[in-house]
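The values are calculated or read from the model by the stated rules, or taken from the named source; none is laboratory data. What you see is a predicted model, and the numbers here were worked out from it, not measured in a lab. Reconstructed Cβ throughout: ideal geometry from the backbone, glycine too, with neighbour counts over all protein chains shown.
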Amino acid sequence: MLEVANLEVVYNEVILVLRGLSIEVPEGEIVALLGANGAGKTTTVRSIAGLLDIHEGDATKGSITWNGEDITNASPSHIVEAGITQVMEGRRVFAELTVDENLATGGFTVRDKAANAASYDRVMELFPLLYDRRKQTAGYLSGGEQQMLAIGRALMSDPKLLILDEPSLGLAPMLIEQIRDIIVDINKQGVSVLLIEQNAMMALSIAKHGYILETGKVVMDGEAQKLLADEDVQEFYLGLHGEGGERKSFRDVKHYKRRKRWLS
Amino acid sequence: MTSLTLRLLNARGSVSPVVAFMVGLGSVLGVFMLLQLFNDPEIFIQTLAKSLGLGSVYAIIALGFVLIFKATQTVNFAQGGLAVAGALFLSFLVADDHIPFTTISNPFNDIPGPSWIGWGASVIVAMCFAALLGLVIERLTIRPMIGQPLFSVAVITLGLEIVIRVFNNDAVKIEFRSLEVPWGVDGFRIGDAFINWSTMAAMITAAIAFVAVYFFYRSRTGIAMRAVAFDQEAAMAQGIDVGRVFAIAWAAGAVLAMIGGVFATQPPVRQTLSVEPETATIAFRALPAVILGGLDSATGALLGGLIIGLAEIFAGQYAAGEVGWLGAGYPLIVPYIVMIIGLIIRPYGLFGTPEIRRV
């Protein structure tokens, strides 16, 4: 289980991005993390994956615990070895390497050859398309194939928790559905999933629990189905308007921001 | 995404200028070479062997530049210093029979049998020393700069070059330290053409180095290094230890520099068989090869080295009548002229990645 407690992250020692963020990803579940641009979703991922350092970021308060171990300032390689892998926003496949070589980078932390081969077979079973293209340069794959490769690469380290940062970004609706089904499949194989999305409908339709982020804080959380039914969520994240049909004033709907939720 | 598409299109569309450049240059030189071959075969063969030997030395040094650039995105200006440091260390082991600044003698000199066995063992020890030197320098001066502006890192390597060079020259006192090689300045003859054994050794070493790099690029660590070169953050997210990749690149780069430094004391580069303060300039003489081939391409380093070597020696052999008024050292500027022409045609080098990078 992953627990992020009261995390505060500052960039360049001045820009406060996360202000006491707390989320939980229980074992074997899909948890959705929603929020508009600049809410701090990607920063949350970076903090968990240990990539704050290279962005001049610093976790000034709070902690991140993974199965009881404090990983707040752990190195990225240690975190991958511990079983947390992320699929980065924008896919970030190594375009100059072949599909197979990309997958090999994903399995870098696994020294056991048999385990590596098993992960490889598993990825090829999930994405038969990649098998046909295994010798091709990754840069020539289509966007959907690259997203599959990015997910496959992350699975090569045999993670217990998979973090997906905007897997639907820039993909056609059909492909988004395909990716969604794949996420459900992966989850069924016993991998917990933290799904970061702007596409709230897609994320909440498969998640068990959802968090909504605004300016570095969780402003709302609950069961995914309840969030889907929530009027405010419908208006602001699903693009659905209330019964009146008229857009409400922003100030009126933001009442939940003033509600006491976590420790703040 | 768009930038990626553009890059790939560039890579595909830009094949023609390379081919045009190579074919054009090749055909002109080919006709010239054929003429010379019939004119005076001995001189021609001798010149060809010399230029391929010099090209191989350049290629070995260029490969060191490329490995370090590939991993760290910085030109390592300290290659020259590292080359001399490695060659000096070997000179101490072989000629003075002890490790510098100690009284520990070199046990390999006492090995019975032919002298080249002990010599070969000493070379391996010197290679280990060079690797260690590279690791220490990387850990102390380059690792803390991960994520910092590349320009600062390049300037740090420039500072290192000066520190290492002053240390070599003044603390160790170079002053023509002899560096014996088993084959000396001997050679063999094809007809009347004389070819040094060290010229052949340089070619063989370059070939071995490139085959090694070819297989290294396809190994686990090599794939990791190429991943780091392409996208450092994404590589870190896969659990690749970027610091370790930097360390490996610096160790390998320093070893290649040391090998290049040893060859820089032998024919066809120099006839003296001794390490001199001047030996350090070999890195800057090889720089046109790196730039011409493309800073991040091993193939580019090999071809760039050979092209520059050919240009330099052939110009020295055959153009003396026309441009002799420039002075006896004119062949030394030929590499830079070839580099400038090459860069005008392909700004990122013959095999370099067409992407603008800082320093």
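Quick notes
- Looking across the stretch B:236-248 at every residue that is of a type in the set (A, V, I, L, M) and under 28 Å from the mean Cα position of the chain (by Cα), the one that is nearest to the other protein chains (Cβ to nearest Cβ) is identified as B:240.
- Screening residue B:233 with (1) in contact with a Leu (Cβ under 8 Å, 6 or more places away or on another chain); (2) surrounded by fewer than 21 Cβ atoms within 10 Å (Cβ to Cβ); (3) away from chain A (no Cβ under 14 Å) gives one miss only, at (3).
- Scope the stretch A:95-125; condition touching a Gly at 6+ places or on another chain (Cβ under 7 Å), more than 9 Å from chain B (Cβ to nearest Cβ) and of a type in the set (Gly, Ala, Ser); matching residues: A:119
- Qualifying residues in the stretch A:142-159 (those that are in a helix (DSSP H, G or I) and charged (D, E, K, R)) - the one modelled with the highest pLDDT: A:153
- Restricting attention to the stretch A:98-108, the residues that are over 12 Å from residue A:146 (Cα atoms) and touching a residue at least 40 places away in the same chain (Cβ under 8 Å) add up to 5.
- All told, residue A:20 meets the bar of being of a type outside the set (Ser, Thr, Tyr) and either over 17 Å from the mean Cα position of the chain (by Cα) or within 21 Å of residue A:222 (Cα to Cα) (or both).
- Screening the candidates A:72, A:43, A:60 for the property of being within 14 Å of another protein chain (Cβ to nearest Cβ) and of a type in the set (S, T, N, Q) yields one hit, A:43.
- Among residues of the stretch B:191-206, those that are in contact (Cβ under 8 Å) with a residue 24 or more places away in the chain and in a helix (DSSP H, G or I), counted: 8
- Single match in A:172, A:200, A:207 (criterion: touching a residue at least 24 places away in the same chain (Cβ under 8 Å), farther than 21 Å from residue A:85 by Cβ and buried (at least 23 other Cβ atoms within 10 Å of the Cβ)): A:200
- Count - residues of the stretch B:101-116 that are assigned to a helix (DSSP H, G or I) and not hydrophobic (A, V, I, L, M, F, W, C): 4
- With respect to the stated conditions, residue A:87 is under 27 Å from residue A:225 (Cβ atoms) and within 10 Å of chain B (Cβ to nearest Cβ).
- Wholly within the stretch B:1-100, helices (runs of 4 or more DSSP H) carrying at least 3 residues that are at pLDDT 85 or above: B:15-39, B:41-72, B:79-91
- Criterion (aliphatic (A, V, I, L, M), surrounded by fewer than 22 Cβ atoms within 10 Å (Cβ to Cβ) and not in a loop (DSSP other than H, G, I, E, B)) met by exactly one of A:162, A:129: A:129
- Answer residue from the stretch A:208-257, given it is closer than 27 Å to residue A:43 by Cα and among the hydroxyl-bearing types (Ser, Thr, Tyr) and is modelled with the highest pLDDT among those: A:211
- Of the residues B:247, B:235, the single one that is out of contact with any Phe, Trp or Tyr (no Cβ under 9 Å at 6 or more places or on another chain) and within 30 Å of residue A:139 (Cβ to Cβ) is B:247.
- The stretch B:125-136 residues that are closer than 16 Å to residue B:94 by Cα, paired with ones that are part of a helix (DSSP H, G or I) and of a type in the set (A, V, I, L, M) (beta carbon under 6 Å, 6 or more apart): B:126/B:90; B:127/B:255; B:130/B:254; B:130/B:255; B:130/B:258
- When residue B:221 is tested against (1) away from chain A (no Cβ under 14 Å); (2) in a helix (DSSP H, G or I), only condition (1) is not met.
- Test set (1) at pLDDT below 90; (2) in the same structural domain as residue A:5 (by TED's automatic domain parsing) - residue A:76 fails condition number: (1)
- The condition of being farther than 30 Å from residue B:71 by Cα and surrounded by 15 or more Cβ atoms within 10 Å (Cβ to Cβ) holds for only one of B:123, B:172, that being B:172.
- Check on residue B:294, within 14 Å of another protein chain (Cβ to nearest Cβ), closer than 19 Å to residue B:64 by Cβ, modelled with pLDDT of 85 or more and within 16 Å of the chain's Cα centre (by Cα): yes
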